[in-house]
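Novice: Can you keep this structure in mind? I'll have questions shortly.
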Amino acid sequence: MIHPSTFIIHVKVSSTSSVRHIAVNACLTPVAAVHGLAVTTVEGIGSVKGKLHPVQERIAKSHGSQCGFCTPGIVMSMYTLLRSTPGRPTMSDMEVAFQ
């Protein structure tokens, strides 16, 4: 999902005790829907004041930002994909993550 206001919710899967990471469009999600859930925004994974996350750093170094409005959504979608995929994501994984 690429949307400027994408954030991630982290949900514990009770049957496996693992954590599932889900990219969510903030514009379509009521605040009450995420009450009590762990939420991460683009500000939570890195910043210019601290240290950029590797996804943010690579986009910046590769001049991957276009107008800048969709860049946070791209960062969050890639971050979610990397957190959710064991090993290296395939091209198919990336196509699904960026739909």
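The values are calculated or read from the model by the stated rules, or taken from the named source; none is laboratory data. Source: prediction; values computed, not measured. Neighbour counts run over all protein chains shown; Cβ positions are idealised from the backbone, glycine included.
Novice: Of all residues being hydrophobic (A, V, I, L, M, F, W, C) and free of Cβ contacts under 8 Å to residues at least 12 places away in the same chain in the range 76-96, which is surrounded by the most Cβ atoms within 10 Å (Cβ to Cβ)? Just the residue, please.
Specialist: Kept after step one, since they are hydrophobic (A, V, I, L, M, F, W, C), are these residues of the range 76-96: 76, 78, 81-82, 91, 94, 96.
Add one more test, that the residue is free of Cβ contacts under 8 Å to residues at least 12 places away in the same chain, and what stays is 91, 96.
Working: Met91: 7, Val96: 12.
If we take residues in the range 76-96 being hydrophobic (A, V, I, L, M, F, W, C) and free of Cβ contacts under 8 Å to residues at least 12 places away in the same chain, then Val96 is surrounded by the most Cβ atoms within 10 Å (Cβ to Cβ).
Novice: Something else now. Any residue in the range 4-32 that is within 30 Å of Gly68 (Cβ to Cβ) sitting within a Cβ distance under 6 Å of a residue that is among the β-branched types (Val, Ile, Thr) and part of a loop (DSSP other than H, G, I, E, B)? List the pairs, counting only those 6 or more apart or interchain.
Specialist: Filtered contacts from the range 4-32: Phe7/Thr41.
Novice: Only residues that are closer than 14 Å to Arg83 by Cα and under 14 Å from the mean Cα position of the chain (by Cα): list them for the range 12-37, please. Even if it seems obvious, please write down each step before you answer.
Specialist: From the range 12-37, those closer than 14 Å to Arg83 by Cα are 12, 18-23; that's our starting set.
Correct list: Arg20, His21, Ile22, Ala23.
Novice: Would you check if Gln99 is free of Cβ contacts under 8 Å to residues at least 24 places away in the same chain, assigned to a loop (DSSP other than H, G, I, E, B) and farther than 15 Å from Ala26 by Cα?
Specialist: no
Novice: Take the residues in the range 43-75 that are among the aliphatic types (A, V, I, L, M) and closer than 15 Å to Pro4 by Cβ; name whichever of them is surrounded by the fewest Cβ atoms within 10 Å (Cβ to Cβ).
Specialist: First, pick out the residues of the range 43-75 that are among the aliphatic types (A, V, I, L, M): 45, 48, 52, 55, 59-60, 74-75.
Subsequent filtering for residues that are closer than 15 Å to Pro4 by Cβ retains 59, 74-75.
On the way: Ile59: 17, Ile74: 21, Val75: 24.
Ranking the qualifying residues of the range 43-75, first place goes to Ile59.
Novice: Same structure again: Quick check on this structure: which one of Ser62, Ser14 is polar (S, T, N, Q), modelled with pLDDT of 90 or more and over 18 Å from Ala97 (Cα atoms)?
Specialist: Values: Ser14 fails: modelled with pLDDT of 90 or more.
Residue meeting the stated conditions: Ser62.
Novice: Report, by residue number, each residue of the range 1-51 that is in a strand (DSSP E or B) and of a type in the set (D, E, K, R). Walk me through it before giving the result.
Specialist: Within the range 1-51, the first condition is being in a strand (DSSP E or B), and the residues that meet it are 6-13, 18-25, 38-40.
Hits for the range 1-51 are Lys12, Arg20.
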